[in-house]
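In what follows, a single structure is set out as C-alpha cells and then discussed.
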Amino acid sequence: MPNANKTAIVKSAMRTFAVLEFFRESKRAASVTEIASALEMPQSSTSVLLRSLVELNYLEYDRQTRRFIPSYRVNLLGDWIRRSPFRDRKLTDLMEELWTATGGETVMLGQQAGAAGMRYLHVVPGGSQLQFIANAGQIRPMVRTALGHVLLSQMPNTKIRGIIRRNNAEEPSQSARVREAAFLEEVERIRRRGFSESSGRTTPGANTIGMLVPLPKRRAPLAIGVGGPIERIAAKRAHIIEVMQSRLKELTDVAGPGVVEK
C-alpha cells in the first residue's frame, strides 16, 4: 500500500483501492486473514472494510468458504471509461495485439502519478524467460522511464525542469541523476521523432520504446511501451516502431492529435 504519511490521501479510500488492487493481482477469492496479511493492514480494520464493501455490493462473501471476491459491479465501474475514447476499442485489447505483433515482448501502459512520478497502469508480461519486468501499480520517477519521457515531451520545458529537479532531489544515487540540458535535448528529439527509447539508460540491459496514446484533449495523457533485452529489441526495433505507430494511428481519427506547448 502507499505510505499514508507521505500523502494527503484519506486512509479509508487508500485501503479500499488497495483491496481492489489486491484482487486484480491475485485473481482469486481471499479470506480476511489473507488480505490483511498481503496489505499489511490490521485484521480488525480489514474485516470492517470488507464487510462495508459487501454491503455496498462491491464485494461478494461466501459464508461456506469465508472468502471475499469482487462483484460484477466492480467490473462495470470503469467499462464506460475504457470504451468511450475509442468507441468499442479497449486499450487492453490493443496491448494484447502489440504483445502478439512484437513477438511476446513486455507491453506497458503508463500515466503520470502525482507531481513527478509515472505509474504502470497495466502490464502484459513478456512471453520469454528473459524479459523486461514491470509491475502494474509500480511508480517510478518520470525521468527514469521511457514512458515517463514520452509523457514529459507533451509538457512545456518550464514544467519539465521542475520535474527533473524534483526527481533528482529524491534520487539518492548521484550517478542516476539526470543533467537538465542533456535531458531537454533528448525530450526535443522525442518530440521530433514521436517516440522515446531508453536504450539501457534507465534500466541496464533493457530497452523500451514508448509512444503517446492518442486520447481526447480532456483526458490525462497515457503512454504505451514495448520493452525487452537490448539485443532482442535491437534486432526487431524497426518492426516494433512500425507496429506501434500503425496500431496507434488507428485510434488517432477518433481521439485527434495532441498539442505540445514548448
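Under the classification rounded if a/c is under 1.5, otherwise prolate if a/b is larger than b/c and oblate if not, where does the chain fall, given a ≥ b ≥ c as square roots of the Cα gyration tensor eigenvalues? Because a/c hits 1.5 or more and a/b exceeds b/c, the chain counts as prolate.
Apply the a/c threshold of 1.5 to the C-alpha gyration tensor of the range 116-262 and tell me whether it is rounded, prolate or oblate. Here the range 116-262 falls in the oblate category.
The residue among Ser175, Gly227, Ala116 whose Cα reaches farthest toward the positive pole of the charge dipole of the chain, with charges on the beta-carbon of Lys, Arg, Asp and Glu, is Ala116.
Please state the charge dipole magnitude for the chain, taken about the Cα centre, from unit charges on C-beta atoms (+1 on K and R, -1 on D and E), reported in debye and rounded to the nearest 20.
For the chain, the charge dipole is close to 540 debye.
Here the range 172-232 is described by how far its Cα atoms reach on the three principal axes: 38, 30, 24 Å, from widest to narrowest. Taking the Cα-to-Cβ direction at Ser31 and at Val48 and moving 7 Å from each Cα, how far apart do the two end points lie in nm? In this crude spin-label approximation the distance works out to 2.3 nm. From most to least packed by mean Cβ count within 10 Å, the peptides 161-168, 100-107, 141-148, 40-47 give 141-148, 100-107, 161-168, 40-47. Its convex hull of Cα atoms gives the range 126-202 a direction-averaged projected area, equal to a quarter of the hull surface, of 6.1 nm².
All of the numbers you see were taken from the coordinates with simple rules; none came from a lab. The model shown is predicted, which means the values in this text are computed figures rather than measured ones. Neighbour counts are summed over all protein chains in view; Cβ atoms, including those assigned to glycine, are modelled from backbone coordinates with ideal geometry.
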